[in-house]
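Before any comments, here is the structure.
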Amino acid sequence: MSASGFVAAVGRALDAGASAMTWEKVARARGAGYFQRHSEDVDDFGFDPRFDAAVQPFFELLYTLWWRVEAFGIENVPAEGGAIIVANHSGVLPWDGLMINLAVRHEHPARRQCRMLALDMFALLPFFAPFLARTGAVRANPENGERLLRRGELIGVFPEGVRGVGKPYRDRYKLARFGRGGFVRLALRTGAPIVPCAIIGAEEVHPKIGGMDWVGKPLGLPFFPITPTFPALGPLGLVPLPSKWSIEFAEPVAVDQHGPDGADDPILVSRLSEQVRGTVQQMLDRRLARRQSPWFG
Amino acid sequence: MTAGRIAVTGIASFLGSRVLRALVEKRGADALVAVDVARPDTALGVRHRAVDFTEPSSGEQLLEALREEKVATVIHAAALTNPSRDGSFAHELESIGTLNVLAAAAAAGVGHFVLRSFTAVYGAHGRNPAYLTEDRPLQPNLSLGWARDKLEGEQHAASFARRYPAMKIAVLRFATLFGPGVRTFYTSIFDHRMVPVLMGYDPLIQLLHPDDGLGAFLAAVELRAEGAFNVVPSRPIPLLAALHLAGKVPLPVPHPIAYPAADLLWAAGLADAPAGFIDFARYPFLGDGEKARRELGFTARHSSRQALEAYLRDRHPKASMTTAEARA
């Protein structure tokens, strides 16, 4: 008798008592409900088109009405083949990844999907993990990135990682270190071009003015933010503030002339990494200088 | 016999018995010898050498058997799919037993050795890449005897491959077998109506149709393959989708409760598997089938979903269609 057998035995007892609600009906209803929101077949990384279609309207609302996202230079994203979008990360929660994906999906003529590579802090979290996978995100690691690029997919990475998403408000729009250049090695190994991308507006959605990181530790979180609204307003404090966003894509940086062996050259990797970081920082600085208000652009 | 016989162990196991039967059909009964405590089906007319791998003297008996039967190929399929309550028996069989069979085969001058292993030997971890290639270090949950013994079996095989290059060793890491005729602790989960799952987790799983498993085994024997190979279905399926397709009612359990509860039920004899197995329903351990495709020419003809549906049609001919009808 197994653990589930034990539960099933309890179920059988219930079954005998309540004839109106049979297990068959419960299972049927649960199954039908589940497949209204989930596909029966997902792709190799768990992308579930039906689930994605069910949740997208909410994010589209955020994109159009809440943050009034404007996309610039979308034509710089290649229409086909593997490519890496490299962007600044900010805003405590990974809203920026979702918005990049929407920008590419809705504003690019090829209607491409951008597979965001998610940080471990999100990709390993219960509830977040299946949600991210079903909406097309993939846990960030070199093997997954390479597999996606070799399949000709467009991927999005945030090389700042946790240092970016958890940065305090006073450091907003100052790019943190770009990891160890993993995205450059990925590009060199696969020959995929790098598209630098700057996101303005995401730093203001959850302005992090302090941290209680010890609270996050038992939950497996690398940081626990204090914002003007969180945790003071409880779950309501997680409602992102309606800043005005713009997303700009720069011209792709081609790396295929270096060949796959370039990935083993740390000097080349760090030079390319710095070049991309500089491009993103320049775009940020230029847009920030022109911005009059975080809320109205 | 010029080519030498093929010895098959673990002939009472699902895969072992299938392999033996298929090889008898292909090469004739005289080309085979069953080495096992269990007797092969007399209708097969296969020679039988009774050896208990858990006996200390099994090495000698094996060597004698392999020499006398002029064995050129050993298929070692004696592995436990279900967790055993007798930890020392499982250890003697899977770790020491595999060591004994390897030693006897090397001493008898066997040219090709095929070991049945499991993708579970990679271990289910949150940090696993989506697909594990054969060069991935094996990191099973070491507190789980079931996985530890299999890891040791693989380690013995790797060490023999280094020391006795004359004996080619193929290690086949099979995904979870699922299909008509398969009865394991894992398939029994799908025989209940309500199935506990971990709240907030929904990993992709791989269910391998037994016909595909058999095909990979035969290809490895035929090609005298060397090295490790993942034998996996053509496509994975999310755990929850599999349960709902099967018309199950998942019961979400928070993971801090699930582990101690599962260990209590296992200790009380109410569960089929200890808490260590929960990891396999929490984190991914998907094998990448590319190497088997490239070197064995093996491509699974069934997806995980097809394997599941074949099982349900066979086991629960009426119940399996309920959700499909409800959706239509």
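Laid out as a table, the results:
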item: Fluctuation leader among B:LEU264, B:LEU214, B:LEU32 - chain B, Gaussian network, Cα springs under 10 angstrom; result: B:LEU264
item: Exercise: per-residue mean of other protein chain Cβ atoms within 10 Å, A:137-145; result: 3
item: Relative contact order computed over chain A (Cα-Cα under 8 Å; 6+ residues apart), in percent; result: 21
item: Neighbour-count ranking [beta-carbon atoms within 10 angstrom, fewest first] of A:ILE209, B:ILE6; result: A:ILE209, B:ILE6
item: Helix A:266-290 vs. chain A, principal-axis angle (Cα, 0 to 90°, nearest 10); result: 90
item: Cα centroid separation - region A:129-198 against region B:1-59, whole Å; result: 52
item: Calculated FRET value between A:VAL239 and B:LEU142, using beta carbons and R₀ = 51 Å, to 0.05; result: 0.70
item: Hypothetical label at A:MET212: residues of region A:59-92 whose amide nitrogen lies under 17 Å (7 Å Cα-Cβ projection); result: none
item: Neighbouring partner chain Cβ atoms per residue of A:32-41, average, 10 Å criterion; result: 5
item: Model label zone, B:GLU64; criterion: amide N under 18 Å from point 7 Å along Cα-to-beta-carbon; scope region B:1-45; result: B:34-38
item: Distance between modelled label sites at A:ALA29 and B:ARG313, nm, 7 Å Cα→Cβ extension; result: 3.1
item: Set of region B:165-181 residues, backbone N closer than 20 Å to the point 7 Å along the Cα-Cβ line of B:ALA158; result: B:165-175
item: Ranked by how many other beta carbons lie within 10 Å on average, peptides B:40-50, A:113-123, A:166-176 from highest; result: A:113-123, A:166-176, B:40-50
item: Net charge dipole size for region A:128-245 [Lys, Arg +1 and Asp, Glu -1 on Cβ; Debye, nearest 20]; result: 280
item: FRET efficiency for A:ARG170 and B:GLU290, using Cβ-Cβ distance with R0 set to 56 Å, rounded to 0.05; result: 0.70
item: For chain A, built as a Gaussian network whose Cα springs stay under 10 Å, the top-fluctuating residue of A:VAL280, A:VAL42, A:VAL26; result: A:VAL26
item: Restraint check, A:LYS25/B:LYS248; A:LYS25/B:LYS318; B:LYS248/B:LYS318; B:LYS26/B:LYS150; A:LYS167/A:LYS208, Cα-Cα greater than 18 Å; result: B:LYS26/B:LYS150
item: Label point distance in nm, A:LEU124-A:ALA79, each placed 7 Å from Cα along Cα→Cβ; result: 4.2
item: Within straight-line cross-link reach of A:LYS217, aspartates and glutamates at Cα separation under 18 Å, skipping those fewer than 8 residues along the same chain; result: A:ASP120
item: Lys/Arg +1, Asp/Glu -1 at C-beta; the protein assembly as shown dipole; positive extreme among A:GLY259, B:ALA147, A:TRP295; result: A:TRP295
item: Cα centroid separation - region A:33-49 against region B:197-232, whole Å; result: 23
item: Under Karplus coefficients 6.51, -1.76 and 1.60, residue-wise ³J(HN,Hα) of region A:24-39 in Hz, glycine/proline x; result: 4, 5, 4, 4, 4, 5, 5, x, 4, x, 4, 7, 5, 10, 9, 7
item: Kirkwood-type radius of the protein assembly as shown, with distances r between different C-alpha atoms, in Å; result: 26.9
item: Residue with peak Gaussian network fluctuation, chain B [Cα springs, cutoff 10 Å], from B:THR187, B:THR119, B:THR73; result: B:THR187
item: Proximal aspartates and glutamates relative to A:LYS174, as straight alpha-carbon distance under 19 Å, when same-chain residues fewer than 8 apart are discounted; result: A:ASP96, A:GLU160, A:GLU203, A:GLU204, A:GLU248, A:GLU274, A:ASP285
item: Global form of region A:175-258, assessed from the alpha-carbon gyration tensor, a/c cut-off 1.5; result: oblate
item: In nm, spacing of pseudo-spin labels at B:ASP135 and A:LEU221 (7 Å Cα→C-beta vector); result: 3.9
item: Sequence of B:VAL19, B:VAL121 once ranked by neighbouring C-beta atoms within 10 Å, starting from the fewest; result: B:VAL121, B:VAL19
item: Convex hull volume per residue in cubic angstrom - Cα atoms of chain B; result: 135
item: Percent antiparallel among DSSP beta bridges (both partners in the protein assembly as shown, rounded to 5); result: 15
item: Karplus (6.51, -1.76, 1.60) ³J(HN,Hα), θ = phi - 60°, over region B:267-274, in Hz, Gly and Pro reported as x; result: 5, 7, x, 9, 10, 7, 8, x
item: Residue order, fewest to most beta carbons within 10 Å, for A:LYS217, B:LYS150; result: A:LYS217, B:LYS150
item: With Cα atoms, 0 to 90° folded angle of helix A:49-61 axis to chain A main axis; result: 60
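Laboratory data are not the source of any read-out in this text; all were calculated from the coordinates shown. Not measured: the values here are computed from a predicted model. Note: ideal-geometry Cβ built from the backbone for every residue, glycine included; neighbour counts use all protein chains shown.
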